[in-house]
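Some notes on the structure that comes next.
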Amino acid sequence: MNCKISCETWLVIFGTLLAILLRCCTSLHPYSGEATPPMYGDYEAQRHWMEVTTNLPTNQWYVNTSDNDLNYWGLDYPPMTAYHMYLCGRAANLINENFTKLHDSRGYESDTHKVFMRYTVLIGDVFLFIPAIILYYQTTVKIGKTQDNEIKKKKQKSSKTLNEIKPMNASLSIVLALLYPGIILIDHGHFQYNCISLAFAIFATTLRVYLSLGKVLFWGILRLMKIGTTVIVMFMIIWYPFTFDLDDFELVLLRQFPIARGVFEDKVANIWCALNVVFKFKTTLDNYQMMRICLFTTLSALFPSSVDLFLRPNLRKFVLSLINSSLAFFLFSFQVHEKTILLVAIPVLIISIEHAYRSSLNTQDGLAEYYRSLLATLLDIEYKKATQLDILKMTYQQVIKNSDALKTLIFHFAIPPTRYPDLYPLLISVYACVHFVGFFVYFNVKQLRIPQQFEDIKNVKVKSS
Amino acid sequence: MIFTTTLLTSCVKLLLVPAYRSTDFEVHRNWLAITHSLPINKWYFESTSQWTLDYPPLFAWFEYLLSFVAALFDKKMLNVNHINYSSDETVLFQRLSVIFTDLVYTIGVYKCCAALQKSWRKDVVLPILLITNCGLIMVDHIHFQYNGIMYGILLISISYILQGKHLKAAFWFTILLNMKHIYLYLAPAYFIYLLRHYCIKGPLTFKNVVSRNTFKTFSLLGSVVISVFLATYLPFMDHIPQVLSRLFPFKRGLCHAYWAPNVWAIYNTADKIGFFIASRSGIHFGNKSTASMTGGLVQEFSHSFLPNIPPMVTMLLTILCMIPAMVKLFFLNKQATNFIRCMVVCGLTSFLFGWHVHEKAILMPIIPLSILSIMETTDARMFLLLSTVGHYSLFPLLYPLSLLSVKVLLLLLYSVYAFHSLYKMYPLSICSYTLPLLSPLESIYVLGLGAIFLYENVIHHLLGLHSQLPFLPLMITSVYCAIGIIYSWVSYYIYFLKYNGVHVRTKSNKMNKVE
């Protein structure tokens, strides 16, 4: 029975098992805010949301009442998260009523509860994120193959000139993507449910890729309307319980865009935090002014890549613009959390496979091309280094927050000057920020420089004729 | 390959630092404290903690050396009176010490691989099979112990046997014996092999056996062994009986807290069932205790239905069962693989019949067997069976709920890799619907472990039996595993007794050619 399974599949199987093992091992570590009353951390926030959603009627979830103190980890994510928390909360209730008892369960901590919470993340990860990644790569490999065949037919050359697609590359990329430490550390160490939302994002991208595979022509306005209606209908279904009362709706919106919390909280590797060294935004400008500046800079940073995507749509540009827009948001927007870098990292992971494939093609087209792809790969490696760095920073913060033992180990050798206790995190975040700005420029240039592909031009012609 | 594998495995081990740890953690912390804060002549008398020093002197020296590093982390852990002290620094230090001393194990693996003939089997498969051994990870890095360094020394010794450097092999094995005396169970194999192929050279004629050369080599070997013993025991010369009484605590029970899957587990189960049936039919057995034999701590107990087993019986049984293998080894040719096979038989026999056997002792046959697994089909088959069952039988050691997925994934990853790589090595499947290399019955048995796991963790709770019969799943696990291990012992023993180096080799060559 084994002989039918190819070497590449085995690689994926081992990689997946190893990825799950690493996730399980990480989940043995302390979570954010373990045993630190009164506010605890993200872990308690999620538990509190389970408590709120299972005990209160839907229209009170986002409203400040005597039963729902919004100052204590009030729900500030969109409704889908709330529904998810409701499901988890019901499960928690089955296992132990004390997990989600209204008021009484605040700051509830126990070994069983930790195991339960960890498993809820693990289930989301194993059943959504991992399949999403595998599915995405399988689809792109399929596309690569069909494209390859077409090129072969057109060129009418012997198969010598073109490399065959190596499924091994795809398997390796799957494994690398699954072992990406950012997700593992934040979701299973720090405690959050990013894997679920990221899984949906990847599913969406896969679908987009898949549709283009079917060579669906652009149906112009009709198609736009279709997409538009889908989006609006989805929103309506999800937001339905909160739209009875206009005031409620406003409250819900306000909860999700908290301006009162300031432009940044911890040391984040974005522009504002880095510039804060020179110019104190937090003290000189009030939050509303700051918000306007953020809005303006983010939109202008988004502009080139979005306009380019709009005018010259193309599959590769789409993935690249995903990177660009998420990087723009990470660098310039208001109230950014470190974990937002995951939104950048996932498209980069996605593109890495295509990249390996392209560079193997380019080698055939002459030395100049080869050189260019080499340069690009080098920059890619550099990028990965930077993400690694950010992860290092995340772990570093984890360490600061959770484990006194490691902290003493680090500070045994390097004691920060007492006047600036935040010196090291700040240095790391400024360093990372400089890199991120570099990548932002790099990926933008890269997107703009992608030439219009033959097929796209053909499509345009079909439409205009 | 060795380097990469070690690095990656060490990363996984590092992640396990905050995992659950057993009382062995406190045992070793206490030994650090004893060796660091007390003069040598009190090491084996100290009894403030219930976990007294019960390893041989060389291990005490090892702890003594470690304690100096420990002082850099947290001095408080080196106080004998700080019972159950486990600050974050202490945990970190102890875990790191295991990870770093595992480097000895890596050296052992390297030496063994270097001593074998060059092929991709030993360059890739063997290092991965040895270094990522999931039993060692479970026992050392979760449960907490220093088996890595011990097996490292054992592998170094084996590598010298493979190279034909017998004196060095004997030297390292004696060191190992002075680190931990459980390896005494392997000593018969060493003794017979060295006696036959180092001391007596050439064919077994009277002239050869009683000759000057034999006497010379024998005294050389003896002096190496004795001098190592002398060097380690010399500082404890004035209270050797006290040391020995600590090393061989026959006051402990026949079985460990969780029954190791051996003959006695089946014996105990038979006793329980017999008692149950007898008491149902109205027969009573006086005042004999009916207390559970699977309580938490190491304890004494008595059987209620079957006769009690004194330590002497287990010893006699072990020796009796080893004798045929010894005779066979004595008359076999000089190939080092024969010696390793005999070692596996010794390890398995002592595991099955020994007194107060710990579950982790199953690694004693599994690790030498992994070296053999890349050599012959039957060895590979036995390795697959024994490693899967043996590692599964370690599960009860890691009982906390949070480790459930970790232990399952460790076993799954290791076993899937073992089956996959060994199948590629010997691409002959007995039947298309079995696991590679295994017969249908063996396949069903291995897959049955999944059913046992399911029963233990889900069905037992759904039936609501966990309050009435809390030890039933443990009993089922050890009996089920015991059946598999006894089966492998019997078939491996038969294989070894029938083994004739030359014949099997050509046979397997023919089979390969047919493929």
Built amide H within the under 5 Å cut-off of residue B:357, gap 5+: B:256
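Take peptide B:401-407, look around each residue's Cβ out to 10 angstrom, count Cβ atoms belonging to other protein chains, and average those counts.
Details: counts 6, 9, 4, 3, 11, 7, 1.
Across the residues of B:401-407, the mean count of other-chain Cβ atoms within 10 Å is 6.
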Per-residue mean of C-beta atoms belonging to partner chains within 10 Å, peptide B:150-156: 0
Computed magnitude of the charge dipole of chain B (debye, nearest 20; Cβ of K, R +1, Cβ of D, E -1): 1760 debye
Size of region B:17-171 as Cα extents on the principal axes (Å, biggest first): 54, 35, 25
Over 27 Å between alpha carbons, listed pairs B:180/B:424; B:216/B:328; B:168/B:424; B:42/B:111; B:13/B:122; B:201/B:498: B:180/B:424; B:168/B:424; B:42/B:111
Interface residues in region A:13-51 - accessible area drops by 30 Å² or more relative to the isolated chain, probe 1.4 Å: A:14, A:17, A:21, A:22, A:24, A:25, A:28, A:29
By average C-beta atoms within 10 angstrom, highest first, the peptides B:176-187, B:34-45: B:176-187, B:34-45
Surface per residue (accessible, 1.4 Å probe) for chain B, Å²: 42 Å²
Estimated translational D of region B:311-515 in µm²/s (Stokes, Kirkwood radius over Cα pairs; 4 °C; 1.567 mPa s): 70 µm²/s
Whole-Hz couplings from phi, Karplus 6.51/-1.76/1.60, listed for region B:460-469; x for Gly and Pro: 4, 6, 5, 6, x, 8, 5, 8, 7, 10
For region A:195-203, Karplus couplings with θ = phi - 60° (6.51, -1.76, 1.60), whole Hz, Gly/Pro x: 4, 5, 5, 5, 4, 5, 4, 5, 4
Rg/Rg_globular for chain B, with Rg_globular taken as 2.2 N^0.38 Å and Rg from C-alpha atoms: 0.99
Average beta carbon contacts from partner chains per residue of B:408-414, 10 Å cutoff: 4
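Just to be sure I understand: if you take the accessible area of chain A alone plus chain B alone and subtract the pair, with a 1.4 Å probe, what total do you get in Å², rounded to 100?
2300 Å²
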Relative packing of peptides A:93-105, A:48-60 - highest average C-beta neighbours within 10 Å first: A:48-60, A:93-105
In order through region B:476-481: 3J(HN,Hα) via Karplus (6.51 cos²θ - 1.76 cosθ + 1.60), integer Hz, x for Gly, Pro: 4, 4, 6, 5, 4, 5
Relative packing of peptides A:297-305, A:197-205, A:63-71 - highest average C-beta neighbours within 10 Å first: A:197-205, A:297-305, A:63-71
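The values are calculated or read from the model by the stated rules, or taken from the named source; none is laboratory data. None of these values were measured; they are calculated from a predicted model. Methodologically, a virtual Cβ is constructed for each residue, glycine included, from the backbone with ideal geometry; neighbour enumeration extends over all protein chains shown. These accessible areas exclude ligands, DNA and RNA; they are computed on the full protein's heavy atoms, side chains included. Shrake-Rupley method; radii C 1.70, N 1.55, O 1.52, S 1.80 Å.
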